[in-house]
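S.K.: The structure is given below, and queries will be raised subsequently.
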Amino acid sequence: MRPSGSVADPQPISLLIWRPHDSVNAGPMTPEDFQKFFPLVDNWIWAALAAHAGTARPVASCGFPRLPLYFTAETLASAKVVIMHRLPIPPLSSWGLTQFGSFERGDPDGITYLDTCFLKPHQSKNEAIHFHELIHVIQWRVLGAERFLRSYADGLERFGYRDSPLEVMAYDAEARFVASTAGFDAEELVTENLARLT
């Protein structure tokens, strides 16, 4: 996920920082809580992907010149992008996950579920945000949905949005992409970084 205002977007980046006072009853999510809520979130994701399948297109079709220097042709062909004004965010608070209220109320420029990146129209030509969201595609692929969501939720709770480990990984890789002229294997980078986290 990438809020409005990140490496290639000079707007403020404070939109999605989770704060513990977002909910009176919010406490750390226990493993039992996660198992209770995972099916709701997972089903919501699959429904959102199905609802937007008709407008999804392969990232490869965007014609970015540098992405093939960092991701395999297979990844660029299988990862999809959907351009829309209001990105889909699950109704976490209505499910009792009020500790993620800031995340839910955020208005990000990009968010990724499984192999599909959702971006706002003003970001459709921004190769750096596509790169950032593709890092999340690889994270989803390597970890699988359950482990990705568990890690992402844990990161939000413990560190806040910008300092959560999966976002740090995506932002660091994006910064390296923006600063580099030569390619590197972003998929291997993600795999190695995830191995160190788990």
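S.K.: Among the numbered criteria (1) crowded, with 17+ Cβ neighbours inside 10 Å; (2) closer than 14 Å to Ala153 by Cα; (3) modelled with pLDDT under 80; (4) not aliphatic (A, V, I, L, M), which one does Pro20 miss?
M.R.: Unmet condition: (1).
Per-residue answers, yes or no, for (1) of a type outside the set (A, V, I, L, M); (2) surrounded by fewer than 22 Cβ atoms within 10 Å (Cβ to Cβ); (3) in contact with a helix residue (DSSP H, G or I) (Cβ under 7 Å, 6 or more places away or on another chain):
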| residue | (1), (2), (3) |
| --- | --- |
| His132 | yes, no, yes |
| Leu149 | no, yes, yes |
| Arg162 | yes, yes, no |
| Val190 | no, no, yes |
| Leu194 | no, yes, yes |
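S.K.: Follow-up. Is there any pair with a first residue in segment 174-188 that is closer than 17 Å to Thr75 by Cβ and a second that is modelled with pLDDT of 95 or more and of a type in the set (Lys, Arg) whose Cβ atoms are under 8 Å apart and which are 6 or more apart or on different chains, and what are they?
M.R.: From residues that are closer than 17 Å to Thr75 by Cβ, the pairs are Phe177/Arg66; Gly183/Arg66; Phe184/Arg176.
S.K.: If I ask for residues that are surrounded by 15 or more Cβ atoms within 10 Å (Cβ to Cβ) and of a type in the set (Phe, Trp, Tyr), which ones from segment 40-68 would you list?
M.R.: Residues satisfying the conditions are Trp44, Phe64.
S.K.: For segment 166-186, how many residues meet the condition of being surrounded by fewer than 19 Cβ atoms within 10 Å (Cβ to Cβ) and either modelled with pLDDT under 95 or over 12 Å from the mean Cα position of the chain (by Cα) (or both)?
M.R.: 11
S.K.: Something else now. If the Cβ limit is 6 Å and pairs must be 6+ apart or interchain, which residue in segment 81-95 that is in contact (Cβ under 8 Å) with a residue 24 or more places away in the chain pairs with which residue that is among the hydroxyl-bearing types (Ser, Thr, Tyr)?
M.R.: Val82/Thr55; Ile83/Ser124
S.K.: Can you tell me which residue within segment 97-124, out of those that are free of Cβ contacts under 8 Å to residues at least 40 places away in the same chain and out of contact with any Leu (no Cβ under 9 Å at 6 or more places or on another chain), is surrounded by the fewest Cβ atoms within 10 Å (Cβ to Cβ)?
M.R.: Pro121
S.K.: Quick one: in segment 120-171, which of the residues that are assigned to a helix (DSSP H, G or I) and small (Gly, Ala, Ser) is farthest from Trp46 (Cα to Cα)?
M.R.: Keep residues of segment 120-171 that are assigned to a helix (DSSP H, G or I), which gives 121-123, 127-159, 165-171.
Filter once more, so that each one left must be small (Gly, Ala, Ser): 128, 144-145, 151, 153, 155, 170.
Details: Ala128: 26, Gly144: 14, Ala145: 11, Ser151: 19, Ala153: 18, Gly155: 22, Ala170: 23 Å.
The selected residue is Ala128.
S.K.: Would you check if Ile138 is at pLDDT 95 or above, farther than 21 Å from Glu74 by Cβ and among the hydrophobic types (A, V, I, L, M, F, W, C)?
M.R.: Criteria not met by Ile138.
S.K.: While we're on this one: Could you grab me the full set of residues in segment 172-185 that are assigned to a helix (DSSP H, G or I) and either under 30 Å from Pro39 (Cα atoms) or in contact with a helix residue (DSSP H, G or I) (Cβ under 6 Å, 6 or more places away or on another chain) (or both)?
M.R.: Correct list: Ala173, Glu174, Phe177, Val178.
S.K.: Something else: For Phe37, which of the numbered conditions (1) modelled with pLDDT of 95 or more; (2) touching a helix residue (DSSP H, G or I) at 6+ places or on another chain (Cβ under 7 Å) fails to hold?
M.R.: The one condition Phe37 does not meet is (1).
S.K.: Also: Which members of segment 79-94 meet the condition of being surrounded by 15 or more Cβ atoms within 10 Å (Cβ to Cβ) and not aliphatic (A, V, I, L, M)?
M.R.: Lys80, Pro88, Pro90, Ser93, listed by residue number.
The values are calculated or read from the model by the stated rules, or taken from the named source; none is laboratory data. Computed from a predicted model, the values in this text were never measured in an experiment. Note: ideal-geometry Cβ built from the backbone for every residue, glycine included; neighbour counts use all protein chains shown.
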